[in-house]
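One structure is given below, encoded as structure tokens.
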Amino acid sequence: MRKHALYGLMAEFETADALLEAVRKAREAGYRRLDAYTPFPVEGLADALGFHTTRVPLIVLIGGLIGCFGGFFLQYYPNVIGYPLNIGGKPYDSWPSFIPITFELTILCAALSAVFGMLALNGFPTPYHPVFNAPRFELASQNRFFLLLEARDPKFDAEKTKQFLVELKAFEVSEVAT
């Protein structure tokens, strides 16, 4: 019996090509809850893992629109509704003079929503993750490549999954406790 609940099984590979092939075979075998850890970006790994779409562009668009309308309203309300002043016969709603601040707030809100949206969608900050306790995982930032199959995957069975990872010619297969 285990001391801790099982988070998943982690397989270590020596090359990026071996990891990429293992990810493809795991997806073909029906595993959907998997992740890979590498010391550098691997071409095609995101597609093999199934990462295809992101909501960051929509979040940035919404943030930019909020900044645009907010910047325009912050100028329109006091100049036209709250405290209108007739200065030199100019109209109260002289929208060309509102453009610089509206533009700047659009860019500011879009940039802030991009940063915070990306952090939120990635689940950051993550001061602790179970994979940090995996043996040899510190090599993921140096020269090794790791594939994690999570226990919450519907196809996951500890013995069958371990045998599957061994068949993929993993350098080492280890359990990751929660």
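The values are calculated or read from the model by the stated rules, or taken from the named source; none is laboratory data. These figures come from a predicted structure and were not determined experimentally. Counting neighbours? That spans all protein chains shown, and the Cβs are built from the backbone with ideal geometry, glycine included.
Brief remarks follow.
- Selection from the range 20-48 of residues that are surrounded by 14 or more Cβ atoms within 10 Å (Cβ to Cβ) and among the aromatic types (Phe, Trp, Tyr): Tyr31, Tyr37
- The range 24-41 residues that are among the charged types (D, E, K, R), paired with ones that are assigned to a loop (DSSP other than H, G, I, E, B) and surrounded by 14 or more Cβ atoms within 10 Å (Cβ to Cβ) (beta carbon under 7 Å, 6 or more apart): Lys25/Leu168; Arg32/Asp153; Arg33/Asp153
- Looking across the range 122-142, the residues that are touching a residue at least 60 places away in the same chain (Cβ under 8 Å) and over 20 Å from Asp17 (Cα atoms) come down to Pro130, Val131, Ala134.
- Any hit, the range 10-24, residues being assigned by TED's automatic domain parsing to the domain that holds Asn133, in contact with a helix residue (DSSP H, G or I) (Cβ under 7 Å, 6 or more places away or on another chain), part of a loop (DSSP other than H, G, I, E, B) and closer than 19 Å to Gln163 by Cα: no
- Cross-chain or 6+ apart pairs with Cβ under 7 Å, the range 143-165 first and assigned to a helix (DSSP H, G or I), then surrounded by fewer than 18 Cβ atoms within 10 Å (Cβ to Cβ) and of a type outside the set (D, E, K, R): Ala158/Leu6; Phe164/Ala29
- The one condition in (1) hydrophobic (A, V, I, L, M, F, W, C); (2) more than 30 Å from Leu20 (Cβ to Cβ); (3) out of contact with any helix residue (DSSP H, G or I) (no Cβ under 9 Å at 6 or more places or on another chain); (4) in a helix (DSSP H, G or I) that Cys109 fails to fulfil: (3)
- Check on Ser97, without any contact (Cβ under 8 Å) to a residue 24 or more places away in the chain and not assigned by TED's automatic domain parsing to the domain that holds Leu19: yes
- Which numbered condition Tyr76 misses (of (1) among the hydroxyl-bearing types (Ser, Thr, Tyr); (2) free of Cβ contacts under 8 Å to residues at least 40 places away in the same chain; (3) within 24 Å of Gly117 (Cα to Cα); (4) surrounded by 17 or more Cβ atoms within 10 Å (Cβ to Cβ)): (3)
- The residue that is surrounded by the most Cβ atoms within 10 Å (Cβ to Cβ), counting only those in the range 140-173 that are within 18 Å of Tyr128 (Cβ to Cβ) and modelled with pLDDT of 90 or more, is Phe146.
- The single condition among (1) part of a helix (DSSP H, G or I); (2) assigned by TED's automatic domain parsing to the domain that holds Lys160 that Asp35 does not meet is (1).
- Among the conditions (1) of a type in the set (Phe, Trp, Tyr); (2) in a helix (DSSP H, G or I); (3) assigned by TED's automatic domain parsing to the domain that holds Thr15; (4) surrounded by 13 or more Cβ atoms within 10 Å (Cβ to Cβ), Phe103 misses just one, which is (3).
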